[in-house]
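Throughout, read-outs are computed from the coordinates displayed, never taken from laboratory work. This one's a predicted model, so the numbers in the text were calculated from it and none came from an experiment. Here the Cβ positions follow ideal geometry from the backbone for every residue, glycine too, while neighbour counts run over all protein chains shown.
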Amino acid sequence: DQQVKQNSPSLSVQEGRISILNCDYTNSMFDYFLWYKKYPAEGPTFLISISSIKDKNEDGRFTVFLNKSAKHLSLHIVPSQPGDSAVYFCAASARGGTASKLTFGTGTRLQVTL
Amino acid sequence: KAGVTQTPRYLIKTRGQQVTLSCSPISGHRSVSWYQQTPGQGLQFLFEYFSETQRNKGNFPGRFSGRQFSNSRSEMNVSTLELGDSALYLCASFGSPGRANTGELFFGEGSRLTVL
């Protein structure tokens with residue numbers, strides 16, 4: 001039972017354009033959502049998070065949007081850069097806004113082309 | 001600040017054997033979590049330790065176990081290995097469980113286990 005789903009296993013975007021990565025969840029108890037980026041042979045690194053009391057959080061080129069009614073969140077990267085090429089994982093927690101016991105999606109591989 | 005250190009980075013075992021993986025969290029971090037990453041399954045939560053106590057446990061069989069020492073270092077053990085246990089095992093630490101906005105789990109590079 002995949003409670004966090006990333007239905008696009010891969011995405012290719014041109015440098016300078018917007019990258020939009022999507023994530024859906026089924027567990028209404030989730031109250032904290034996070035995005036992680038992973039390069040090959042490295043551990044995931046934290047990108048950005050959003051609490052369920054918000055619908056948008058922005059950090060530089062990265063913006064996360066949360067639509068609670070649709071149980072959907074998305075990560076926007078503007079502008080996309082070649083260094084953004086990596087696997088992006090969406091994660092969720094039902095632990096009162098902490099990173100405890102995260103449920104991860106299966107990841108989306110983003111390739112930013114020149 | 002030194003990152004999360006996992007050893008060994010790579011190992012090969014055969015079915016039926018057991019394996020122990022080690023994780024040293026970032027200095028000062030008292031919470032350690034373990035995740036299993038397999039192709040098509042993403043990262044799946046194994047367990048979380050804080051101050052030598054297991055706080056949360058994922059849906060894995062009893063063959064998977066772990067512990068945390070007084071210096072916050074953690075080990076996980078898998079007994080009676082099966083082919084399906086082949087995966088990247090990731091350890092992560094964070095500073096203060098219970099604080100809001102503690103999304104910054106710091107992950108190690110992982111231990112890649114291959115079971116033949």
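Some points to look at:
- Pairwise label distance in nanometres, B:ARG73 with A:ASN27, each label 7 Å out on the Cα-Cβ vector: 3.2 nm
- When the C-alpha to C-alpha distance is required to be over 20 Å, the pairs from A:LYS5/A:LYS37; A:LYS38/A:LYS71; A:LYS101/B:LYS13 that qualify are A:LYS38/A:LYS71; A:LYS101/B:LYS13.
- DSSP-defined beta bridges in chain B - what % are antiparallel, rounded to 5: 90 percent
- Summing +1 for each Lys or Arg and -1 for each Asp or Glu among the other residues whose beta-carbon sits under 10 angstrom from that of A:THR113 gives 0.
- Sequence-distant residues sharing a close amide H with B:ARG55 (under 5 Å, placed H): B:GLU48, B:TYR49, B:PHE50
- Annotation for the range A:1-42 versus the range B:21-44: alpha-carbon center distance of 19 Å.
- A:GLN2-A:THR45 pseudo-label distance in nm [points 7 Å out on the Cα-to-Cβ vector]: 2.7 nm
- For the range A:18-114, trypsin sites (Lys or Arg not before Pro) are listed when DSSP marks them as loop and at most 13 other Cβ atoms sit within 10 Å of their Cβ; the list is A:LYS54.
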